[in-house]
Amino acid sequence: MPTAQHMVVGRELRRLRDAALLSQKNAASLLGISTYILSRNETGETPCKRETLLKACGIYNATPEEQALLSHMLSEASRRRWWQGSEWRGVAQKKLLTLISLEEQAEYIRVYDRDRIPGMLQTEEYAHWAISVGMGGGSERDIRRRVNLRMERQGHYAQSKGKHYTSVLDEATLIRGYGNPTVMRRQLEKLLELAEDRRYGLHIAELRKYNMPTGIGQTILFDFGQQILPTILYEERHESAFVCQEPEEVDERCKSFDRLLHASMSTIHTRRRIRDHLDRLTRKTHR
């Protein structure tokens, strides 16, 4: 699975190759590597070696400025991140490392999850129950480590500047819930807090509204500043993840998300609906 930082390097390498009017096959031959490796270098799935990068700059007739920029990009991509620390070893699987790297690099994130409240919006208690159910009987230690990583992700995102997170919340996830009524009450309270934060845009896809276009499934779309990367689609699956950079497929998912967002409640009405669910839950727990 690629990281966002190596995707940036790969995209620039491909831009230079295209500018040199070289096919991937011819470029790979000149570089002395397989077409398969070059392809993976350009998608970021396999980090590009520095010697390959420097050789590519010569073959592609890159300017000194372009070579310096690429070299800096590679150094930045190779820099050790917080999520690569030893404390997360065995917890942060490759698919999760890709997700975290995209969260770190993107300026705008759009999310829809039909089954649960998205991880970046979860309380620690809700996350514990959601992860426990998802693991289907994992050890308490493994569950706790995954919860800690999720909370760490939230903390880093909250400290970052110039980012925005838009989430379409399926109303069913506010009703069905995880844990118990107390866990859900605290989760709804957190959603209300986040709904007041300008960095977060929360919209409810109503449960009882007809013809809601919720068939897009679990979707995370990442948009990047200064066009360092095109919009990227990330779709988590049971034991893996799907990362897509193909323009046509990503564009279709973006349109599907926008249709769902347009059909969902405004941020103001979403706050009111969350408050209604919270009041209803509070009354039940105090009976």
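Any read-out appearing in this document is the output of simple, stated calculations on the displayed coordinates, not a laboratory observation. None of the values given here were measured: they were computed from a predicted structure. All Cβ positions, glycine included, derive from the backbone under ideal geometry; neighbour counts span all protein chains shown.
Provide the net charge surrounding VAL91, with neighbours chosen by a C-beta distance below 11 Å and charges set as Lys +1, Arg +1, Asp -1, Glu -1.
It works out to a net charge of +3.
For every other residue with a beta carbon closer than 15 angstrom to the beta carbon of ALA68, add +1 if it is Lys or Arg and -1 if Asp or Glu, then tell me the sum.
Here the charged neighbours net out to -3.
Long-range amide H contacts for GLY201: which residues qualify at under 5 Å (H placed 1.01 Å from N, peptide plane, sequence gap of 5 or more or a different chain)?
Residues meeting the amide H criterion: TYR165, THR166, SER167.
Using only Cα atoms and rounding to the nearest 10 degrees, what angle (0 to 90) does helix 140-159 make with the longest principal axis of the chain?
Once rounded, one gets 80 degrees.
Using a 10 angstrom cutoff on alpha carbons, build the Gaussian network for the chain and name the most mobile of PHE224, PHE257, PHE242.
So, out of PHE224, PHE257, PHE242, the one fluctuating most is PHE242.
Working from Cα positions, state the angle (0 to 90°, nearest 10) between the long axis of helix 267-285 and the longest principal axis of the chain.
50 degrees
What is the sum of charges, Lys and Arg at +1 and Asp and Glu at -1, for the other residues whose Cβ falls under 11 Å from the Cβ of ALA56?
Charge balance near ALA56 sits at +1.
Using only the Cα atoms of region 4-78, each taken as one equal point scatterer with no solvent, compute I(q) by the Debye sum, divide by I(0), and report log10 of the ratio at q = 0.11, 0.19, 0.20, 0.26 Å⁻¹.
Log10 of I(q)/I(0), two decimals: -0.21, -0.66, -0.74, -1.31.
Can you give me the angle between helix 247-263 and the longest principal axis of the chain, using Cα atoms only, in degrees from 0 to 90, rounded to the nearest 10?
20 degrees
Which whole-angstrom value gives the distance between the alpha carbon centres of region 211-266 and region 134-204?
Using only Cα atoms, the two centres lie 19 Å from each other.
So for the chain, Kirkwood radius off the Cα pairs, Stokes-Einstein at 37 °C and 0.692 mPa s: how many µm² s⁻¹?
Calculated translational D: 158 µm²/s.
How about LYS55: which lysines have a C-alpha closer than 20 Å to its C-alpha, ignoring those fewer than 8 places off in the same chain?
Reachable lysines: LYS25.
For region 40-54, what does the Karplus curve 6.51 cos²θ - 1.76 cosθ + 1.60, with θ = phi - 60°, yield as ³J(HN,Hα) per residue in whole Hz, taken in order and with x for Gly and Pro?
Calculated HN-Hα couplings, in order: 6, 4, 6, 8, x, 5, 10, x, 6, 6, 4, 5, 5, 4, 5 Hz.
For the chain, set up a Gaussian network in which alpha carbons nearer than 10 Å are linked by springs, and say which option among GLN93, GLN67, GLN227 fluctuates the most.
Ranking GLN93, GLN67, GLN227 by mean-square fluctuation puts GLN227 first.
Do you know the relative contact order of the chain, to the nearest whole percent, from alpha carbon pairs under 8 angstrom that are 6+ apart?
Computed value for the chain: 18 percent relative contact order.
What relative contact order, as a whole-number percentage, does region 203-267 give when Cα pairs under 8 Å and 6 or more residues apart are counted?
So the answer I get is 40 percent.
Just for the chain, what percent of DSSP beta bridges are antiparallel, to the closest 5?
50 percent
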